[in-house]
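Notes follow once the structure below has been shown.
The values are calculated or read from the model by the stated rules, or taken from the named source; none is laboratory data. In this text, all values refer to a predicted model and were calculated from it rather than measured experimentally. Just the protein is used for accessible areas: all its heavy atoms, side chains included, with ligands, DNA and RNA removed. Shrake-Rupley method; radii C 1.70, N 1.55, O 1.52, S 1.80 Å.
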Amino acid sequence: MAGFSLYCFINPQILFTLPSESPLFVLGSDKCSPETRRRRGRKTRGFFVSYAHSNPKIINPKKKSRYGQTLSPYDSDEEEELDDESDDDDDDDWLLNDDFAEVAEYEKKKPKSQKQPIAKKGGKKGIVKSWETPEESETDEDDLDIGISRNVSSEKKKKKEKESWRLDGRGKVNSRKYVEKLYPRLSEEIDLDPKWVPLLDYLTTFGLKESHFVQMYERHMPSLQINVLSAQERLDYLLSVGVKHRDIKRMLLRQPQILQYTIENNLKAHISFLMGLGIPNSKIGQIVAATPSLFSYSVENSLRPTIRYLIEEVGINETDVGKVVQLSPQILVQRLDITWNTRYMFLSKELGAPRDSVVKMVKKHPQLLHYSIDDGFLPRINFLRSIGMCNSDILKVLTSLTQVLSLSLEDNLKPKYMYLVNELNNEVHILTKYPMYLSLSLDQRIRPRHRFLVELKKVRKGPFPLSSLVPNDESFCQQWAGTSVDKYLAFRQRLLLKEFANKYEKRG
(Lines give C-alpha, C1' and ligand atoms only; values in the text may rest on other atoms or scores of the structure.)
Protein backbone atom coordinates (compact mmCIF):
# COMPACT_ATOMS: atom_id res chain seq x y z
CA MET A 1 0.00 0.00 0.00
CA ALA A 2 1.40 3.36 -0.96
CA GLY A 3 1.45 6.27 1.47
CA PHE A 4 0.09 9.66 0.48
CA SER A 5 0.36 13.14 1.95
CA LEU A 6 -2.65 15.39 2.23
CA TYR A 7 -2.18 19.11 2.12
CA CYS A 8 -5.06 19.74 4.41
CA PHE A 9 -6.59 23.13 4.44
CA ILE A 10 -7.46 22.78 8.15
CA ASN A 11 -4.61 20.79 9.63
CA PRO A 12 -1.64 19.99 7.34
CA GLN A 13 -0.21 17.51 9.86
CA ILE A 14 -3.02 15.02 9.31
CA LEU A 15 -1.88 12.02 7.23
CA PHE A 16 -4.16 10.04 4.99
CA THR A 17 -3.75 6.73 3.27
CA LEU A 18 -5.42 5.87 0.01
CA PRO A 19 -5.98 2.53 -1.67
CA SER A 20 -3.13 1.02 -3.67
CA GLU A 21 -5.20 1.46 -6.80
CA SER A 22 -4.79 5.20 -6.48
CA PRO A 23 -2.62 6.58 -9.27
CA LEU A 24 -0.82 9.14 -7.13
CA PHE A 25 1.16 9.40 -3.93
CA VAL A 26 2.46 12.42 -2.04
CA LEU A 27 4.59 12.63 1.09
CA GLY A 28 3.46 14.60 4.08
CA SER A 29 4.48 18.18 4.66
CA ASP A 30 3.78 20.79 7.27
CA LYS A 31 3.79 23.55 4.74
CA CYS A 32 1.27 24.30 2.09
CA SER A 33 2.64 25.02 -1.38
CA PRO A 34 1.77 28.24 -3.23
CA GLU A 35 -0.46 26.18 -5.48
CA THR A 36 -2.37 24.99 -2.44
CA ARG A 37 -2.79 28.46 -1.06
CA ARG A 38 -4.19 29.67 -4.39
CA ARG A 39 -6.81 26.95 -4.34
CA ARG A 40 -7.98 27.57 -0.74
CA GLY A 41 -10.46 30.11 -1.92
CA ARG A 42 -12.16 27.54 -4.17
CA LYS A 43 -14.95 25.25 -3.06
CA THR A 44 -13.37 21.89 -2.38
CA ARG A 45 -13.85 18.84 -0.27
CA GLY A 46 -10.90 19.73 1.91
CA PHE A 47 -7.71 18.38 0.30
CA PHE A 48 -5.50 18.64 -2.80
CA VAL A 49 -3.31 15.84 -4.14
CA SER A 50 -0.02 16.73 -5.87
CA TYR A 51 2.14 14.65 -8.22
CA ALA A 52 4.99 12.80 -6.66
CA HIS A 53 7.83 14.59 -8.40
CA SER A 54 6.93 17.87 -6.63
CA ASN A 55 9.27 16.51 -3.99
CA PRO A 56 12.86 16.42 -5.34
CA LYS A 57 14.00 13.95 -2.70
CA ILE A 58 12.14 11.13 -4.45
CA ILE A 59 14.42 11.25 -7.53
CA ASN A 60 17.62 9.27 -7.33
CA PRO A 61 20.42 11.86 -7.68
CA LYS A 62 22.54 9.27 -9.51
CA LYS A 63 19.86 8.50 -12.05
CA LYS A 64 20.96 9.31 -15.61
CA SER A 65 19.02 9.88 -18.76
CA ARG A 66 19.41 7.78 -21.92
CA TYR A 67 21.86 10.44 -23.12
CA GLY A 68 24.18 9.80 -20.18
CA GLN A 69 23.32 13.08 -18.42
CA THR A 70 22.52 13.28 -14.72
CA LEU A 71 18.88 14.03 -14.08
CA SER A 72 18.22 17.18 -12.11
CA PRO A 73 15.65 16.84 -9.31
CA TYR A 74 14.29 20.26 -10.22
CA ASP A 75 12.48 21.42 -13.30
CA SER A 76 14.25 24.25 -15.12
CA ASP A 77 14.11 26.24 -18.31
CA GLU A 78 17.11 24.32 -19.58
CA GLU A 79 15.25 21.04 -19.21
CA GLU A 80 12.34 22.47 -21.14
CA GLU A 81 14.64 23.60 -23.92
CA LEU A 82 16.14 20.14 -24.13
CA ASP A 83 12.66 18.71 -24.50
CA ASP A 84 11.92 21.11 -27.32
CA GLU A 85 15.17 20.27 -29.06
CA SER A 86 14.51 16.58 -28.83
CA ASP A 87 11.19 17.09 -30.61
CA ASP A 88 13.04 18.53 -33.58
CA ASP A 89 15.76 15.91 -33.61
CA ASP A 90 15.13 13.61 -36.57
CA ASP A 91 17.36 10.91 -35.16
CA ASP A 92 15.19 10.55 -32.07
CA ASP A 93 11.78 10.68 -33.74
CA TRP A 94 11.97 7.04 -34.73
CA LEU A 95 11.34 6.03 -31.11
CA LEU A 96 7.90 7.63 -31.12
CA ASN A 97 4.78 5.60 -31.60
CA ASP A 98 1.26 6.81 -32.19
CA ASP A 99 -0.02 5.88 -28.75
CA PHE A 100 2.46 7.92 -26.79
CA ALA A 101 2.67 10.80 -29.23
CA GLU A 102 -0.42 12.14 -27.48
CA VAL A 103 1.38 12.27 -24.14
CA ALA A 104 3.92 14.67 -25.58
CA GLU A 105 1.10 17.00 -26.63
CA TYR A 106 -0.41 16.80 -23.15
CA GLU A 107 2.86 17.49 -21.39
CA LYS A 108 3.21 20.80 -23.16
CA LYS A 109 0.09 22.01 -21.35
CA LYS A 110 1.10 20.85 -17.85
CA PRO A 111 3.03 22.94 -15.30
CA LYS A 112 6.78 22.43 -15.27
CA SER A 113 6.55 20.52 -12.04
CA GLN A 114 4.61 17.80 -13.86
CA LYS A 115 6.94 17.29 -16.82
CA GLN A 116 8.44 13.96 -15.69
CA PRO A 117 6.01 11.66 -13.78
CA ILE A 118 7.68 9.16 -11.50
CA ALA A 119 6.58 5.72 -10.43
CA LYS A 120 7.77 4.10 -7.27
CA LYS A 121 7.46 0.63 -5.93
CA GLY A 122 9.57 -1.11 -3.35
CA GLY A 123 12.18 1.62 -3.44
CA LYS A 124 12.73 1.30 -7.24
CA LYS A 125 12.35 4.53 -9.13
CA GLY A 126 12.03 5.12 -12.84
CA ILE A 127 11.15 7.85 -15.28
CA VAL A 128 8.30 7.02 -17.61
CA LYS A 129 9.40 8.05 -21.08
CA SER A 130 6.86 9.34 -23.56
CA TRP A 131 8.13 7.12 -26.40
CA GLU A 132 8.08 3.87 -24.43
CA THR A 133 5.23 1.42 -24.32
CA PRO A 134 4.23 0.09 -20.91
CA GLU A 135 6.34 -3.01 -21.59
CA GLU A 136 9.36 -0.86 -22.42
CA SER A 137 9.06 1.37 -19.35
CA GLU A 138 11.62 0.95 -16.60
CA THR A 139 8.82 0.42 -14.08
CA ASP A 140 7.30 -2.99 -13.40
CA GLU A 141 3.82 -4.04 -14.46
CA ASP A 142 2.51 -3.20 -11.00
CA ASP A 143 3.89 0.35 -11.11
CA LEU A 144 1.37 2.98 -10.29
CA ASP A 145 -0.49 4.70 -13.08
CA ILE A 146 0.75 8.23 -13.60
CA GLY A 147 -2.76 9.39 -14.42
CA ILE A 148 -1.97 11.29 -17.60
CA SER A 149 -4.89 11.81 -19.93
CA ARG A 150 -4.44 10.88 -23.60
CA ASN A 151 -7.52 12.57 -24.96
CA VAL A 152 -5.83 14.70 -27.63
CA SER A 153 -7.84 16.01 -30.57
CA SER A 154 -7.65 14.02 -33.83
CA GLU A 155 -6.47 17.10 -35.73
CA LYS A 156 -3.33 17.42 -33.61
CA LYS A 157 -2.66 13.71 -33.98
CA LYS A 158 -2.96 13.92 -37.77
CA LYS A 159 -0.65 16.94 -37.80
CA LYS A 160 1.94 14.99 -35.81
CA GLU A 161 1.69 12.07 -38.20
CA LYS A 162 1.99 14.40 -41.18
CA GLU A 163 5.32 15.75 -39.96
CA SER A 164 7.13 12.40 -40.02
CA TRP A 165 6.88 8.89 -41.47
CA ARG A 166 8.86 5.70 -41.38
CA LEU A 167 10.51 5.74 -44.77
CA ASP A 168 13.68 3.77 -45.27
CA GLY A 169 12.91 0.56 -43.41
CA ARG A 170 15.83 1.10 -41.05
CA GLY A 171 13.85 2.69 -38.27
CA LYS A 172 14.78 6.23 -39.27
CA VAL A 173 11.99 8.71 -39.82
CA ASN A 174 12.40 11.52 -42.33
CA SER A 175 10.61 14.70 -41.37
CA ARG A 176 9.50 17.32 -43.84
CA LYS A 177 12.40 19.52 -42.78
CA TYR A 178 14.83 16.73 -43.57
CA VAL A 179 13.20 16.14 -46.97
CA GLU A 180 13.31 19.84 -47.82
CA LYS A 181 17.00 19.85 -46.99
CA LEU A 182 17.59 16.72 -49.08
CA TYR A 183 15.61 17.94 -52.12
CA PRO A 184 15.34 21.74 -51.77
CA ARG A 185 14.54 22.56 -55.38
CA LEU A 186 12.00 19.78 -55.73
CA SER A 187 10.30 20.85 -52.49
CA GLU A 188 9.87 24.35 -53.91
CA GLU A 189 8.49 23.15 -57.23
CA ILE A 190 5.99 20.56 -55.99
CA ASP A 191 4.24 19.43 -52.85
CA LEU A 192 6.83 16.79 -52.01
CA ASP A 193 5.52 13.92 -49.95
CA PRO A 194 8.22 12.50 -47.63
CA LYS A 195 6.95 9.02 -48.47
CA TRP A 196 8.41 9.47 -51.97
CA VAL A 197 11.99 9.88 -50.72
CA PRO A 198 13.04 6.19 -50.90
CA LEU A 199 11.94 6.03 -54.54
CA LEU A 200 13.70 9.30 -55.37
CA ASP A 201 16.89 8.09 -53.71
CA TYR A 202 16.75 4.89 -55.78
CA LEU A 203 16.13 6.71 -59.05
CA THR A 204 19.12 8.97 -58.48
CA THR A 205 21.30 5.89 -59.02
CA PHE A 206 20.26 6.12 -62.69
CA GLY A 207 21.38 9.72 -62.97
CA LEU A 208 18.08 11.46 -62.36
CA LYS A 209 18.21 14.82 -60.61
CA GLU A 210 15.66 17.13 -59.02
CA SER A 211 14.85 18.82 -62.34
CA HIS A 212 14.11 15.40 -63.82
CA PHE A 213 11.77 14.55 -60.96
CA VAL A 214 9.86 17.77 -61.65
CA GLN A 215 9.44 16.65 -65.27
CA MET A 216 8.23 13.23 -64.17
CA TYR A 217 5.81 14.83 -61.73
CA GLU A 218 4.38 17.12 -64.41
CA ARG A 219 4.19 14.30 -66.93
CA HIS A 220 2.65 11.68 -64.65
CA MET A 221 2.53 12.44 -60.93
CA PRO A 222 1.35 8.98 -59.74
CA SER A 223 4.65 7.48 -60.94
CA LEU A 224 6.38 9.05 -57.93
CA GLN A 225 3.97 7.35 -55.54
CA ILE A 226 5.16 3.85 -56.41
CA ASN A 227 6.64 1.66 -53.71
CA VAL A 228 10.41 1.62 -54.11
CA LEU A 229 10.60 -2.18 -53.99
CA SER A 230 8.04 -2.52 -56.78
CA ALA A 231 9.86 0.05 -58.89
CA GLN A 232 13.18 -1.70 -58.37
CA GLU A 233 11.69 -5.04 -59.33
CA ARG A 234 10.32 -3.63 -62.60
CA LEU A 235 13.47 -1.78 -63.59
CA ASP A 236 15.58 -4.83 -62.76
CA TYR A 237 13.44 -6.83 -65.17
CA LEU A 238 14.00 -4.30 -67.94
CA LEU A 239 17.73 -4.43 -67.30
CA SER A 240 17.59 -8.21 -67.49
CA VAL A 241 16.12 -8.14 -71.03
CA GLY A 242 18.89 -5.92 -72.35
CA VAL A 243 18.00 -2.33 -71.48
CA LYS A 244 21.19 -0.42 -70.68
CA HIS A 245 21.55 1.21 -67.27
CA ARG A 246 22.26 4.56 -68.95
CA ASP A 247 18.99 4.35 -70.91
CA ILE A 248 16.72 4.06 -67.84
CA LYS A 249 16.93 7.79 -67.21
CA ARG A 250 15.77 8.71 -70.71
CA MET A 251 13.02 6.10 -70.60
CA LEU A 252 11.61 7.39 -67.33
CA LEU A 253 11.61 10.97 -68.55
CA ARG A 254 9.70 9.96 -71.66
CA GLN A 255 7.44 7.37 -70.05
CA PRO A 256 7.41 7.59 -66.22
CA GLN A 257 4.41 5.24 -66.22
CA ILE A 258 6.90 2.39 -66.65
CA LEU A 259 7.26 2.37 -62.87
CA GLN A 260 3.60 1.38 -62.63
CA TYR A 261 3.58 -1.42 -65.22
CA THR A 262 3.47 -4.86 -63.62
CA ILE A 263 5.89 -7.52 -64.77
CA GLU A 264 3.52 -10.43 -65.29
CA ASN A 265 0.58 -8.61 -66.85
CA ASN A 266 2.44 -6.01 -68.88
CA LEU A 267 6.22 -6.09 -69.27
CA LYS A 268 6.58 -9.81 -69.98
CA ALA A 269 3.65 -9.82 -72.42
CA HIS A 270 5.19 -7.03 -74.51
CA ILE A 271 8.66 -8.59 -74.48
CA SER A 272 7.18 -11.91 -75.64
CA PHE A 273 5.37 -10.07 -78.44
CA LEU A 274 8.64 -8.56 -79.70
CA MET A 275 10.38 -11.92 -79.61
CA GLY A 276 7.53 -13.41 -81.59
CA LEU A 277 8.33 -11.02 -84.45
CA GLY A 278 11.71 -12.68 -84.85
CA ILE A 279 13.64 -9.92 -83.12
CA PRO A 280 16.81 -11.35 -81.53
CA ASN A 281 17.26 -11.07 -77.76
CA SER A 282 20.26 -8.80 -78.24
CA LYS A 283 18.04 -6.16 -79.86
CA ILE A 284 15.10 -6.25 -77.42
CA GLY A 285 16.68 -3.79 -74.99
CA GLN A 286 17.39 -1.29 -77.76
CA ILE A 287 13.81 -1.39 -79.00
CA VAL A 288 12.38 -0.94 -75.50
CA ALA A 289 14.74 1.94 -74.77
CA ALA A 290 13.87 3.64 -78.08
CA THR A 291 10.10 3.29 -77.62
CA PRO A 292 9.17 2.90 -73.94
CA SER A 293 5.63 4.05 -74.74
CA LEU A 294 4.88 0.70 -76.40
CA PHE A 295 4.14 -0.69 -72.91
CA SER A 296 1.10 1.58 -72.75
CA TYR A 297 -0.41 -0.07 -75.84
CA SER A 298 -2.42 -3.27 -75.68
CA VAL A 299 -0.69 -6.20 -77.36
CA GLU A 300 -3.92 -7.70 -78.70
CA ASN A 301 -5.87 -4.54 -79.47
CA SER A 302 -3.10 -2.31 -80.80
CA LEU A 303 0.31 -3.86 -81.47
CA ARG A 304 -0.79 -7.00 -83.32
CA PRO A 305 -3.22 -5.05 -85.55
CA THR A 306 -0.31 -2.73 -86.47
CA ILE A 307 1.77 -5.69 -87.60
CA ARG A 308 -1.13 -7.06 -89.61
CA TYR A 309 -1.50 -3.68 -91.32
CA LEU A 310 2.18 -3.65 -92.30
CA ILE A 311 1.81 -7.07 -93.88
CA GLU A 312 -1.63 -6.86 -95.43
CA GLU A 313 -1.96 -3.19 -96.38
CA VAL A 314 1.56 -1.83 -96.79
CA GLY A 315 2.94 -4.99 -98.35
CA ILE A 316 5.89 -5.80 -96.08
CA ASN A 317 6.81 -9.49 -96.14
CA GLU A 318 6.10 -11.28 -92.89
CA THR A 319 9.74 -12.33 -92.67
CA ASP A 320 10.84 -8.70 -92.93
CA VAL A 321 8.53 -7.27 -90.26
CA GLY A 322 11.03 -7.88 -87.48
CA LYS A 323 13.73 -5.99 -89.39
CA VAL A 324 11.37 -3.07 -90.00
CA VAL A 325 10.56 -2.86 -86.27
CA GLN A 326 14.27 -2.98 -85.40
CA LEU A 327 14.99 -0.08 -87.76
CA SER A 328 12.07 1.99 -86.46
CA PRO A 329 10.43 0.77 -83.24
CA GLN A 330 8.23 3.89 -83.26
CA ILE A 331 6.28 2.32 -86.10
CA LEU A 332 4.53 0.14 -83.50
CA VAL A 333 2.86 3.13 -81.87
CA GLN A 334 1.87 5.03 -85.00
CA ARG A 335 -1.43 5.36 -86.80
CA LEU A 336 -0.17 3.54 -89.88
CA ASP A 337 -3.41 3.90 -91.76
CA ILE A 338 -2.82 7.65 -91.81
CA THR A 339 0.97 7.89 -92.08
CA TRP A 340 1.27 5.26 -94.79
CA ASN A 341 -1.56 6.49 -96.98
CA THR A 342 -0.55 10.17 -96.88
CA ARG A 343 3.11 9.50 -97.73
CA TYR A 344 2.39 6.91 -100.38
CA MET A 345 -0.08 9.21 -102.08
CA PHE A 346 2.39 12.13 -101.96
CA LEU A 347 5.33 10.19 -103.48
CA SER A 348 3.07 8.67 -106.09
CA LYS A 349 1.73 12.05 -107.15
CA GLU A 350 4.94 14.08 -106.79
CA LEU A 351 7.46 11.68 -108.31
CA GLY A 352 5.27 9.13 -110.02
CA ALA A 353 6.54 6.48 -107.59
CA PRO A 354 4.96 3.04 -108.03
CA ARG A 355 3.75 1.19 -104.96
CA ASP A 356 6.65 -1.29 -105.06
CA SER A 357 9.20 1.54 -104.91
CA VAL A 358 7.52 3.10 -101.89
CA VAL A 359 7.36 -0.30 -100.17
CA LYS A 360 11.12 -0.67 -100.76
CA MET A 361 11.64 2.75 -99.18
CA VAL A 362 9.65 1.75 -96.12
CA LYS A 363 11.51 -1.54 -95.83
CA LYS A 364 14.94 0.14 -96.01
CA HIS A 365 14.11 3.24 -94.03
CA PRO A 366 10.76 2.96 -92.20
CA GLN A 367 11.52 6.24 -90.44
CA LEU A 368 10.18 8.02 -93.53
CA LEU A 369 6.71 7.32 -92.14
CA HIS A 370 7.58 9.78 -89.34
CA TYR A 371 8.90 12.56 -91.57
CA SER A 372 6.81 15.60 -92.29
CA ILE A 373 5.82 16.06 -95.90
CA ASP A 374 6.07 19.85 -95.82
CA ASP A 375 9.26 20.13 -93.74
CA GLY A 376 10.95 16.87 -94.73
CA PHE A 377 9.97 15.51 -98.11
CA LEU A 378 9.37 18.65 -100.16
CA PRO A 379 12.50 20.71 -99.28
CA ARG A 380 14.87 17.84 -100.17
CA ILE A 381 13.05 16.84 -103.33
CA ASN A 382 13.08 20.46 -104.45
CA PHE A 383 16.83 20.72 -103.71
CA LEU A 384 17.59 17.67 -105.86
CA ARG A 385 15.51 19.24 -108.61
CA SER A 386 17.40 22.51 -108.26
CA ILE A 387 20.77 20.84 -108.95
CA GLY A 388 19.49 19.35 -112.19
CA MET A 389 17.95 16.02 -111.26
CA CYS A 390 14.71 14.90 -112.87
CA ASN A 391 11.92 13.02 -111.05
CA SER A 392 13.10 9.63 -112.26
CA ASP A 393 16.65 10.33 -111.00
CA ILE A 394 15.31 11.54 -107.67
CA LEU A 395 13.21 8.39 -107.37
CA LYS A 396 16.29 6.23 -108.02
CA VAL A 397 18.24 8.07 -105.35
CA LEU A 398 15.43 7.86 -102.80
CA THR A 399 14.78 4.18 -103.52
CA SER A 400 18.47 3.35 -103.03
CA LEU A 401 19.16 5.81 -100.19
CA THR A 402 15.89 6.79 -98.57
CA GLN A 403 17.69 8.41 -95.58
CA VAL A 404 18.46 11.35 -97.89
CA LEU A 405 15.08 12.61 -96.69
CA SER A 406 16.53 12.93 -93.19
CA LEU A 407 19.81 14.74 -94.09
CA SER A 408 20.29 18.41 -93.34
CA LEU A 409 20.23 20.68 -96.35
CA GLU A 410 22.65 23.32 -95.09
CA ASP A 411 25.08 21.10 -93.18
CA ASN A 412 25.04 18.03 -95.38
CA LEU A 413 23.48 17.96 -98.83
CA LYS A 414 24.57 21.37 -100.12
CA PRO A 415 28.25 21.16 -98.97
CA LYS A 416 28.61 17.67 -100.46
CA TYR A 417 27.11 18.76 -103.75
CA MET A 418 29.49 21.74 -103.93
CA TYR A 419 32.50 19.53 -103.23
CA LEU A 420 31.30 16.97 -105.79
CA VAL A 421 31.15 19.56 -108.55
CA ASN A 422 33.99 21.94 -107.65
CA GLU A 423 36.63 19.62 -106.17
CA LEU A 424 35.87 16.17 -107.55
CA ASN A 425 34.92 17.45 -111.01
CA ASN A 426 31.84 15.23 -111.23
CA GLU A 427 28.43 15.77 -112.75
CA VAL A 428 25.31 15.54 -110.66
CA HIS A 429 23.94 12.54 -112.57
CA ILE A 430 26.74 10.41 -111.03
CA LEU A 431 24.64 10.39 -107.85
CA THR A 432 22.18 8.00 -109.43
CA LYS A 433 25.03 5.49 -109.69
CA TYR A 434 26.65 6.34 -106.35
CA PRO A 435 23.81 7.68 -104.17
CA MET A 436 25.71 6.58 -101.06
CA TYR A 437 28.06 9.54 -101.68
CA LEU A 438 25.39 11.69 -100.02
CA SER A 439 25.50 9.56 -96.88
CA LEU A 440 29.30 9.67 -96.41
CA SER A 441 30.99 12.15 -94.08
CA LEU A 442 32.61 15.03 -95.92
CA ASP A 443 35.23 15.62 -93.21
CA GLN A 444 35.95 12.02 -92.22
CA ARG A 445 35.74 10.20 -95.56
CA ILE A 446 35.32 12.24 -98.77
CA ARG A 447 37.84 15.07 -98.34
CA PRO A 448 40.63 13.03 -96.60
CA ARG A 449 40.66 10.30 -99.23
CA HIS A 450 40.56 12.77 -102.11
CA ARG A 451 43.40 14.88 -100.67
CA PHE A 452 45.49 11.83 -99.78
CA LEU A 453 45.35 10.44 -103.32
CA VAL A 454 46.15 13.89 -104.71
CA GLU A 455 49.22 14.13 -102.47
CA LEU A 456 50.36 10.69 -103.55
CA LYS A 457 49.69 11.70 -107.18
CA LYS A 458 47.36 8.77 -107.61
CA VAL A 459 44.54 10.81 -109.14
CA ARG A 460 44.04 10.93 -112.91
CA LYS A 461 42.76 13.93 -114.76
CA GLY A 462 39.03 14.15 -115.03
CA PRO A 463 36.24 13.21 -112.62
CA PHE A 464 37.42 11.79 -109.33
CA PRO A 465 36.38 8.11 -109.01
CA LEU A 466 33.63 7.96 -106.38
CA SER A 467 34.20 4.22 -106.13
CA SER A 468 37.36 4.99 -104.12
CA LEU A 469 35.12 6.34 -101.36
CA VAL A 470 33.18 3.12 -100.91
CA PRO A 471 35.59 0.56 -99.32
CA ASN A 472 36.87 0.61 -95.75
CA ASP A 473 40.21 2.19 -94.85
CA GLU A 474 42.23 -0.99 -95.19
CA SER A 475 40.87 -1.82 -98.64
CA PHE A 476 41.23 1.80 -99.76
CA CYS A 477 44.92 1.91 -98.80
CA GLN A 478 45.61 -1.42 -100.43
CA GLN A 479 43.66 -0.94 -103.66
CA TRP A 480 43.89 2.81 -104.27
CA ALA A 481 46.70 4.38 -102.23
CA GLY A 482 49.21 1.55 -102.18
CA THR A 483 50.39 2.49 -98.69
CA SER A 484 49.82 1.59 -95.05
CA VAL A 485 46.69 2.40 -93.08
CA ASP A 486 48.77 4.16 -90.40
CA LYS A 487 50.14 6.60 -92.95
CA TYR A 488 46.65 7.42 -94.21
CA LEU A 489 45.23 7.85 -90.68
CA ALA A 490 48.09 10.18 -89.73
CA PHE A 491 47.40 12.27 -92.84
CA ARG A 492 43.71 12.43 -92.06
CA GLN A 493 44.40 13.54 -88.51
CA ARG A 494 46.64 16.42 -89.69
CA LEU A 495 44.01 17.45 -92.20
CA LEU A 496 41.23 17.48 -89.59
CA LEU A 497 43.32 19.62 -87.25
CA LYS A 498 44.06 22.04 -90.07
CA GLU A 499 40.40 22.29 -91.03
CA PHE A 500 39.43 22.82 -87.40
CA ALA A 501 41.99 25.61 -87.04
CA ASN A 502 40.67 27.33 -90.15
CA LYS A 503 37.07 27.17 -88.89
CA TYR A 504 38.11 28.47 -85.47
CA GLU A 505 40.06 31.34 -87.10
CA LYS A 506 37.06 32.34 -89.20
CA ARG A 507 34.79 32.39 -86.18
CA GLY A 508 37.29 34.52 -84.27
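Solvent-accessible surface (1.4 Å probe) assigned to Met418 amounts to roughly 100 Å².
Directionally averaged projected area (segment 272-384, Cα convex hull): 7.3 nm².
Taking each of Lys396/Lys433; Lys416/Lys487; Lys363/Lys416; Lys283/Lys323 in turn, the alpha-carbon distance tops 20 angstrom for Lys416/Lys487; Lys363/Lys416. Computed with a 1.4 Å probe over protein heavy atoms only, the accessible area of Leu407 comes to about 30 Å². Gyration tensor analysis over the Cα atoms of segment 306-352 returns equivalent ellipsoid semi-axes of 20, 12, 10 Å (largest first, whole Å).
Stokes-Einstein diffusion for segment 252-332 at 20 °C, viscosity 1.002 mPa s, with a Kirkwood radius from C-alpha pairs, works out to 165 µm²/s.
At the listed q of 0.15, 0.25, 0.30 Å⁻¹, the Debye profile of segment 233-279, built from one uniform point per Cα, gives log10 I(q)/I(0) equal to -0.39, -1.01, -1.21. For segment 388-508, what D do you get in µm² per second when you plug the Kirkwood radius from alpha-carbon pairs into Stokes-Einstein at 25 °C and 0.890 mPa s? Result for D is 158 µm²/s.
Which of the pairs Lys461/Lys503; Lys414/Lys458; Lys181/Lys209; Lys177/Lys209 have their Cα atoms more than 23 Å apart in this structure?
Check vs 23 Å cut-off fails for Lys461/Lys503; Lys414/Lys458.
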